[in-house]
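A.B. asks: Mind looking over this structure? Questions follow.
The values are calculated or read from the model by the stated rules, or taken from the named source; none is laboratory data. Fair warning: this is a prediction, and the values are worked out from it, not measured in the lab. So basically every Cβ, Gly included, is an ideal-geometry build from the backbone, and we count neighbours across all protein chains shown. These accessible areas exclude ligands, DNA and RNA; they are computed on the full protein's heavy atoms, side chains included. Shrake-Rupley method; radii C 1.70, N 1.55, O 1.52, S 1.80 Å.
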Amino acid sequence: MIPLRRNIVVIFAISFLISLILIIADRNILSSSKDTETCLSCHEDKDLTMEKNGKKISLFVSPEHYKSSVHAGAECVDCHLNYNPDEIPHSKKNELAGCNSCHDNLKGIEKSVHNKVNCYECHSKHDVKPVRLIRENQTQSCLNCHKNKNIRKFSTSIHAKKNVGCDDCHKGGHQTAKISKNEVNEVCGKCHNKNKMAFKNSIHHTVMQGGNKNAPVCTDCHGSHDILTSKVSIESEGCLNCHLNEKLFPGEEKGSAKFVAQYKTSIHGLLRKGDSEAAGCVDCHGDHMVQTPDNPASATAKARLLETCGKCHKETVEKFKKSKHGTEYLKNSDKAPSCVTCHGEHDIKSTLLSDEFSKVNIVEKCLKCHEDGKIPHKNYQGEEELISGYRNSVHYEALKKGNLDAPTCSECHGAHEMENADNPESKISKKNVAQTCGQSNCHQDQKRDYLESVHQKGISEDNKDAPTCNSCHGNHSIVTKKSDDKLAKSKNLIKLCSNCHSSVELVERNDLPTKVSETYNESFHGLATRGGYAEVANCESCHGNHSIKPSSDTSSTINKKNLPKTCGKCHEGAAEVLFTSKIHVSDTQKDSPWVFVVTRLYMILIFGIIGFMVLHNVLDWKKKKKIKKVNED
Amino acid sequence: MKTEDKYLRMSANERVQHFLLLSSFIVLVITGFALKFPESFWVKGIAAVIGQNTFEARGIVHRIASVVLVMVSLYHVYYLFFTVRGKQLFKDFLPNRQDVTDFMNSMKYLIGKSDTKPLFGRFSYIEKMEYWAVVWGTFIMGITGVILWFENFFLKYVTNTGMDISSAIHYYEAILASLAIVVWHFYFIFLNPDVYPMNKAWLKGYLTREQMEHEHPLELETSEKQNTDNIKENLSEKAKDETETKNIAVSETDPDINKQ
Ligand code: HEM
Ligand code: HEM
């Protein structure tokens, strides 16, 4: 066995020698100027350049940056391989160290889009930063390279403002990846989960599931990097981009590009150019959860239209809800109209400016549904009247001739607030008809007269028998044209008044003067009219029309005081004192006893004298016949 | 027919008067009742022919006819008082006691209480009734008609009550007059078996001897007596006898009574 002490000495000696050799060797390397200090002694000169392919390249390396970089511990030659200090340039082959010779555990990088990109593009060359710092400035470093227009928009996007970086979507680091269309929703959904879920309920999502390649994802509407949030831009970049494309949405049906294109000339479409308040696609269709109208959940489904339109047109919708249309609508009646029934869908026009809502044309809108409808009560001639009878009316005729004062449907029925006549609130309820017909611009004089009349008195007392405008003039087919046929007019008028005034029931119920029609018809006036003479007094000639009053009223045309004037229109000789008995003598005995006496007397004379004559002559005839026979025999 | 002898009944003048009277009267009846019954078939028929202005035309024609009637009536009054024949006519038309007896006897005869028919002179009670009825009627219709015509003027005097009365009288008198003419006058002129089918006196002016014998035996008697007086005064008594015989021969007796 070798003694322990000697062994230790040997080991020491050898170690010393090796160390010495190593140290000397080391000194040799340093002395051969391969250390970083030596490199920097030249390269710290800011003006150090070289020329390559005619370009000046700066060869400056900031020692401070280098020394504070994470690579401070490494030597230049660790990266700059094949270095030869004596040659300039130092290496013929500018061969850089593969970063992975040291960093050999970079997982997934080969899958990254940056696989072929030099590490230093991100990590920089000499002032290699710690990962932490790179992360912090990731976006900036991405944008250093990614300078295309689209991506540059990112800097001004809402994401940029809210510090959402590239890596938040693209993962970043060595895993940085492109985002395929399929992944977009998930990527966005990481933050925008609610919208993602909403989107999953949309028609867009449904068709995407069905394999439609054109179905949009988040970025199709919001853009990828500029991230649109303004409604107007989303719609024009997003919705309209596809929905105006006739290749994607052919035809002319609902849903076609042509159909959607109507929006551009709609009042919504026109207004929004200057005013982003006007309804755009999403205002009606909803945004992420957009659905076809046949889906009950859709904002454009019939059942939800009031809610949708009412977002902006609140007052109008409230009126509508109370209307007959509205109450039916709320009952989910199939027949009930909704906003779009009258106003259209994409082609919604201004009711004030558009021809479609001109007074003449609006009629067609209403008649689209009401063409065959009947007015629920018979008219003054006891006939059923069609709603479309309006087409024969003076009102419509005047309208067609361009008289814009003439009323169309809405003047009398109201537009959104239209109501059945039996609703007391309705513009056409019995109590309101006069106000409706007499609205400003219309029949104000007639209204004023009518409001003084005994007929109106009845109306104000809720008397169901009392007539108002339409009771006499009819409803839709109002034809009080200035008729040339005076006689027909006169006869119609008499028939009209007789409708009520010779109805026994009605006369009794209201304690009206009796037999006015009969007595008129038997009077010379009545006989003449019946005989076809137009220039003779009818009801209106004496009683007036709208302001009809009972004879007891001193301002009545048939008050005794006024009779001379009234009758004097035709009979010059008329004077107050001359009216000594009733005109409509319904009860001769009471009202005109002289006539009664004369009539009785003549009855007796006629029956007596003529009776006697008949008897006398029958006997005479028999006698003479008999004698003739005897004489002949 | 016993004889073709002609006995003058209506002179040409009278026939013209009668014709104007009857035509204006008939026109008045038609145009008058046309007002009252505008919906009746005959008025509609007329209207269909005349057309639109039927009613006005009716009024105008009624007034024209009424003027004719009134003029004829006024002439007739003149005729009665200023012509020889008219004076006689008026005298013969005046009712007298004999008419009452005639009427009573006639009634008795007609109901079978008596078997002799009273013998009538120039105008029987029947014709006198006819005549005075027309006089009365024309008077009433004229007055009330004029009131109705000039209503503006008369209203001042008669008030609306007066107008109503006038119109009532005018109407009922029209009925009475029309019925009287039809039942009374037309019977005796057309249906009366003695003259059937028509008494042509209003056209030709004369009656046949047979008609005279039936209707106006006393007149016939006087006229024949006059004739005889004139031609053969001395034969007057014989002629009278003959007439009497004749009267007896044609005296109309009730066959029923004869049988008894
Ligand atoms: C077509 C219709 C008429 C015919 C055919 C007719 C015919 C006659 C005839 C034949 C006579 C003579 C009778 C006689 O004495 O033997 C007569 C007399 C008379 N007629 Fe008529 N007549 C007509 C209408 C009228 C009318 C409408 C009136 C008056 C409103 C009228 C008033 C008279 C009068 C007052 C006399 C005289 C009295 C009389 O003889 O009875 N007639 N008519
Ligand atoms: C004598 C002259 C007569 C005159 C001036 C006269 C005049 C009138 C007048 C002014 C009327 C009022 C209606 C109208 O404008 O037409 C009238 C009605 C009438 N007239 Fe006469 N008329 C006369 C004779 C007659 C006669 C003779 C008859 C028939 C027999 C007659 C029958 C009628 C009838 C039925 C009416 C309708 C009465 C009514 O319902 O108011 N008229 N007449």
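A.B. asks: Return the residues of the stretch B:110-161 that are more than 16 Å from ligand 2 (Cβ to nearest atom), in a helix (DSSP H, G or I) and among the β-branched types (Val, Ile, Thr); say none if nothing qualifies.
C.D. replies: Residues satisfying the conditions are B:Ile126, B:Thr159.
A.B. asks: Additional query: Pairs under 7 Å by beta carbon, first residue open to solvent by less than 50 Å² (accessible area, probe 1.4 Å) in the stretch B:16-29, partner modelled with pLDDT under 95 and more than 9 Å from ligand 2 (Cβ to nearest atom), six or more apart or different chains?
C.D. replies: Pairs that qualify, where the first residue is open to solvent by less than 50 Å² (accessible area, probe 1.4 Å) and the partner is modelled with pLDDT under 95 and more than 9 Å from ligand 2 (Cβ to nearest atom), are B:His18/B:Met10; B:His18/B:Trp202.
A.B. asks: If I go through the stretch B:156-198 residue by residue, how many of them are within 14 Å of ligand 1 (Cβ to nearest atom) and among the acidic types (Asp, Glu)?
C.D. replies: 2
A.B. asks: What helices (runs of 4 or more DSSP H), lying completely within the stretch A:531-621, carry at least 1 residues that are within 7 Å of another protein chain (Cβ to nearest Cβ) and on the phi > 0 side of the Ramachandran plot? Write out each step before concluding.
C.D. replies: Details: elements: A:539-543, A:563-568, A:588-591, A:593-605.
Result: empty, no element qualifies.
A.B. asks: Could you check B:Ser40 against (1) within 16 Å of ligand 2 (Cβ to nearest atom); (2) away from chain A (no Cβ under 14 Å) and say which number it fails?
C.D. replies: (2)
A.B. asks: Among helices (runs of 4 or more DSSP H) lying entirely in the stretch A:158-262, which contain 1 or more residues that are open to solvent by less than 80 Å² (accessible area, probe 1.4 Å), in contact with a helix residue (DSSP H, G or I) (Cβ under 6 Å, 6 or more places away or on another chain) and touching a residue at least 40 places away in the same chain (Cβ under 8 Å)? Write out each step before concluding.
C.D. replies: Values: elements: A:158-161, A:166-170, A:181-189, A:193-200, A:203-209, A:218-222, A:231-234, A:240-243, A:257-261.
Where helices (runs of 4 or more DSSP H) fall fully within the stretch A:158-262 and carry at least 1 residues being open to solvent by less than 80 Å² (accessible area, probe 1.4 Å), in contact with a helix residue (DSSP H, G or I) (Cβ under 6 Å, 6 or more places away or on another chain) and touching a residue at least 40 places away in the same chain (Cβ under 8 Å), they are A:193-200, A:231-234, A:257-261.
To keep it simple, each residue is scored yes or no on (1) within 12 Å of ligand 2 (Cβ to nearest atom); (2) hydroxyl-bearing (Ser, Thr, Tyr); (3) in contact with a Pro (Cβ under 6 Å, 6 or more places away or on another chain).
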position	(1), (2), (3)
B:Ser11	no, yes, no
B:Phe19	no, no, no
B:Phe33	yes, no, no
B:Ile50	no, no, no
B:Ala57	yes, no, no
B:Ala65	yes, no, no
B:Leu74	yes, no, no
B:Leu80	no, no, no
B:Gly86	no, no, no
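A.B. asks: Here is a check on your reading of the model: is B:Leu179 without any contact (Cβ under 8 Å) to a residue 40 or more places away in the chain, at the interface with chain A (Cβ under 9 Å from one of its Cβ atoms), within 23 Å of A:Val614 (Cα to Cα) and open to solvent by 40 Å² or more (accessible area, probe 1.4 Å)? So that I can check it myself, show each step before the final result.
C.D. replies: On the way: without any contact (Cβ under 8 Å) to a residue 40 or more places away in the chain: yes; at the interface with chain A (Cβ under 9 Å from one of its Cβ atoms): yes; within 23 Å of A:Val614 (Cα to Cα): yes; open to solvent by 40 Å² or more (accessible area, probe 1.4 Å): yes.
Yes; evaluated as a whole, the condition is true for this residue.
A.B. asks: Within the stretch B:56-86, which residues are touching a residue at least 60 places away in the same chain (Cβ under 8 Å) and either farther than 18 Å from B:Ser11 by Cα or within 13 Å of ligand 1 (Cβ to nearest atom) (or both)?
C.D. replies: Result: B:Arg63, B:Ser66, B:Leu69, B:Val70, B:Ser73, B:Tyr79.
A.B. asks: Test A:Ala303 against the criterion of being of a type in the set (A, V, I, L, M, F, W, C) and surrounded by fewer than 17 Cβ atoms within 10 Å (Cβ to Cβ), and give yes or no.
C.D. replies: Numbers: of a type in the set (A, V, I, L, M, F, W, C): yes; surrounded by fewer than 17 Cβ atoms within 10 Å (Cβ to Cβ): yes.
For A:Ala303, the condition - of a type in the set (A, V, I, L, M, F, W, C) and surrounded by fewer than 17 Cβ atoms within 10 Å (Cβ to Cβ) - is met.
A.B. asks: Would you confirm whether any residue within the stretch B:65-78 is within 14 Å of chain A (Cβ to nearest Cβ), under 19 Å from A:Tyr533 (Cβ atoms) and in a helix (DSSP H, G or I)?
C.D. replies: Step one: filter the stretch B:65-78 for residues within 14 Å of chain A (Cβ to nearest Cβ), giving none.
Among the residues of the stretch B:65-78, not one is within 14 Å of chain A (Cβ to nearest Cβ), under 19 Å from A:Tyr533 (Cβ atoms) and in a helix (DSSP H, G or I), which makes the answer no.
A.B. asks: With respect to B:Leu155, determine if the residue is facing another protein chain (nearest Cβ under 8 Å), closer than 24 Å to B:Val29 by Cα and either open to solvent by 30 Å² or more (accessible area, probe 1.4 Å) or hydrophobic (A, V, I, L, M, F, W, C) (or both).
C.D. replies: Details: facing another protein chain (nearest Cβ under 8 Å): yes; closer than 24 Å to B:Val29 by Cα: no; either open to solvent by 30 Å² or more (accessible area, probe 1.4 Å) or hydrophobic (A, V, I, L, M, F, W, C) (or both): yes.
No: the conditions fail for B:Leu155.
The rows are residues; the columns are (1) more than 9 Å from every other protein chain (Cβ to nearest Cβ); (2) within 22 Å of A:Phe596 (Cα to Cα); (3) surrounded by fewer than 20 Cβ atoms within 10 Å (Cβ to Cβ).
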| position | (1), (2), (3) |
| --- | --- |
| B:Asp164 | no, yes, no |
| B:Ile169 | no, yes, no |
| B:Glu173 | no, yes, no |
| B:Tyr187 | no, no, yes |
| B:Phe190 | yes, no, yes |
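A.B. asks: Looking at the stretch B:132-139, can you tell me whether even one residue there is away from ligand 1 (no atom under 12 Å from the Cβ) and over 30 Å from B:Pro217 (Cβ atoms)?
C.D. replies: Kept after step one, since they are away from ligand 1 (no atom under 12 Å from the Cβ), are these residues of the stretch B:132-139: B:139.
Still in the running and over 30 Å from B:Pro217 (Cβ atoms): B:139.
Yes, there is a match, as at least one residue in the stretch B:132-139 is away from ligand 1 (no atom under 12 Å from the Cβ) and over 30 Å from B:Pro217 (Cβ atoms).
A.B. asks: Within the stretch B:203-210, is there a residue that is within 12 Å of ligand 1 (Cβ to nearest atom), of a type in the set (A, V, I, L, M) and not in a helix (DSSP H, G or I)?
C.D. replies: As a first pass, look at the stretch B:203-210 and keep what is within 12 Å of ligand 1 (Cβ to nearest atom): B:203-208.
Those still in the list that are of a type in the set (A, V, I, L, M) too: B:203, B:207.
Right, trim to not in a helix (DSSP H, G or I) and you get B:207.
Yes: the stretch B:203-210 contains one or more residues that are within 12 Å of ligand 1 (Cβ to nearest atom), of a type in the set (A, V, I, L, M) and not in a helix (DSSP H, G or I).
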